[in-house]
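No lab work stands behind these numbers, since they all come straight from the coordinates. This is a predicted model, so every value here is computed, not measured. Glycine gets a Cβ as well: all are built from the backbone with ideal geometry, and neighbour counts include every protein chain shown.
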Amino acid sequence: MNKAVIDQSWDYFRTVNGIGLRAIAALPADKLDAHPIPGMRTPKELVVHLYTIVVALPAAVAKGEIKDTDEEEAATVQRIRTKDELVAWTRAQWAEGARIAKGLTDAQIQGIVTSPWGHDFKGHVMMQVLYDEYWHHRGQIYCYLRALGVEPPGLYDFEHNEAGFEREKQASA
């Protein structure tokens with residue numbers, strides 16, 4: 001895997017993120033700190049976790065090291081008080097993660113990322129972990145929406161994505 005493949009994957013990930021942002025925007029403002037599914041994070045905790053890793057994993061590839069983000073996430077959850085703040089924070093996190101991902105080099109993508117989890121990863125594997133984690137946690141947001149009585153956006157409804165996250169139009173053959 002190289003930079004060209006990462007860049008192509010990131011562009012698709014951008015469209016997936018657009019649907020994720022729509023799902024976050026659909027969360028009821030008065031339920032961000034609720035537990036719609038017992039034993040799981042609150043919606044706000046889940047979103048903060050998800051968008052912390054949107055920055056942390058590309059940054060880990062750039063630095064060659066990842067650290068635990070639990071304390072950062074807890075502080076962010078405490079700081080964010082409203083749905084508007086949460087949505088603004090997710091957009092800022094996305095912009096930072098995208099900036100870092102677009103700046104990755106082939107050497108970083110092929111390099112080793114050390115972790116506190118007892119095993120290390122190649123940079124490109126860490127990026128795959130990010131995509132996998134995003135899909136997993138976005139699915140949890142969908143479960144939360146349904147548990148809260150809200151119909152989530154269509155899983156692949158890229159045509160209705162918000163500005164900046166639409167799928168690129170393919171040229172006709």
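Between 54, 154, 121, whose Cα lies farthest towards the positive end of the dipole of the chain when Lys and Arg beta carbons carry +1 and Asp and Glu beta carbons carry -1, centred on the Cα centre?
Farthest towards the positive end: 154.
Excluding the sites themselves, what is the longest stretch of the chain that contains no trypsin sites (Lys or Arg not before Pro) in a DSSP loop with at most 16 other C-beta atoms within 10 Å?
Values: sites that count: 67, 81, 167, 169.
It runs 82-166.
What pairs in 3/122; 44/122; 31/67; 3/44 have C-alpha atoms more than 21 Å from each other? Write down the numbers at each step before the final one.
Details: 3/122 13 Å; 44/122 31 Å; 31/67 30 Å; 3/44 33 Å.
Over 21 Å apart, Cα to Cα: 44/122; 31/67; 3/44.
Report the label-to-label distance for residue 162 and residue 125 in nanometres (one decimal), using points 7 Å from each Cα along the Cα→Cβ vector.
Going by the 7 Å Cα→Cβ label model, 3.5 nm.
Counting Lys and Arg as +1 and Asp and Glu as -1, what is the net charge of the other residues whose Cβ lies under 9 Å from the Cβ of residue 160?
Numbers: positive: 22; negative: 157, 159, 162, 166.
Result for the neighbourhood of residue 160: -3.
Mean 1/r over all different Cα pairs, inverted: what Kirkwood radius does the chain give, in Å?
Numbers: mean 1/r = 0.0596 Å⁻¹.
Mean inverse Cα-Cα distance, inverted, gives 16.8 Å.
Given a 10 angstrom Cα cut-off, can you work out which residue in 160, 137, 49 is the most mobile in a GNM of the chain?
With Cα springs under 10 Å in the chain, the top fluctuation among 160, 137, 49 is at 160.
Hey, how many Å between the Cα centroid of the range 63-88 and the Cα centroid of the range 92-153?
That distance is 14 Å.
Using a cut-off of 14 Å between alpha-carbon atoms, which aspartates and glutamates can reach residue 102, once sequence neighbours fewer than 8 places away in the same chain are excluded?
In chain and number order, the partners are 7, 11.
Excluding the sites themselves, what is the longest stretch of the chain that contains no chymotrypsin sites (Phe, Trp or Tyr not before Pro) in a DSSP loop with at most 10 other C-beta atoms within 10 Å?
1-116
Tell me, in nm to one decimal, what length is gained between residue 92 and residue 105 on full extension, where the rule is 0.36 nm per residue of separation less the Cα-Cα distance?
Details: separation 13, 0.36 × 13 = 4.68 nm, distance 2.26 nm.
Going from the current span to full extension adds 2.4 nm.
How large is ³J(HN,Hα), in whole Hz, for each residue of the range 125-133 in order, when computed from phi with the Karplus curve 6.51 cos²θ - 1.76 cosθ + 1.60 and θ = phi - 60°, using x for Gly and Pro?
Karplus-based 3J(HN,Hα) across the range 125-133 equals 5, 4, 5, 5, 4, 4, 4, 4, 4 Hz.
Could you check the simple spin-label distance between residue 68 and residue 133, using points 7 Å along Cα→Cβ, in nm with one decimal?
1.4
Output wanted: per-residue J couplings in Hz (rounded whole) for the range 102-119, from phi through Karplus 6.51 cos²θ - 1.76 cosθ + 1.60, θ = phi - 60°, x for Gly and Pro.
Running phi through 6.51 cos²θ - 1.76 cosθ + 1.60 with θ = phi - 60° gives 5, x, 5, 9, 4, 4, 5, 5, 8, x, 9, 10, 7, 9, x, 9, x, 8 Hz.
Once fully extended, how much extra length lies between residue 7 and residue 34, figured as 0.36 nm per residue of separation less the alpha-carbon to alpha-carbon distance?
Values: separation 27, 0.36 × 27 = 9.72 nm, distance 3.68 nm.
Stretched out fully, the residue 7 to residue 34 stretch lengthens by 6.0 nm.
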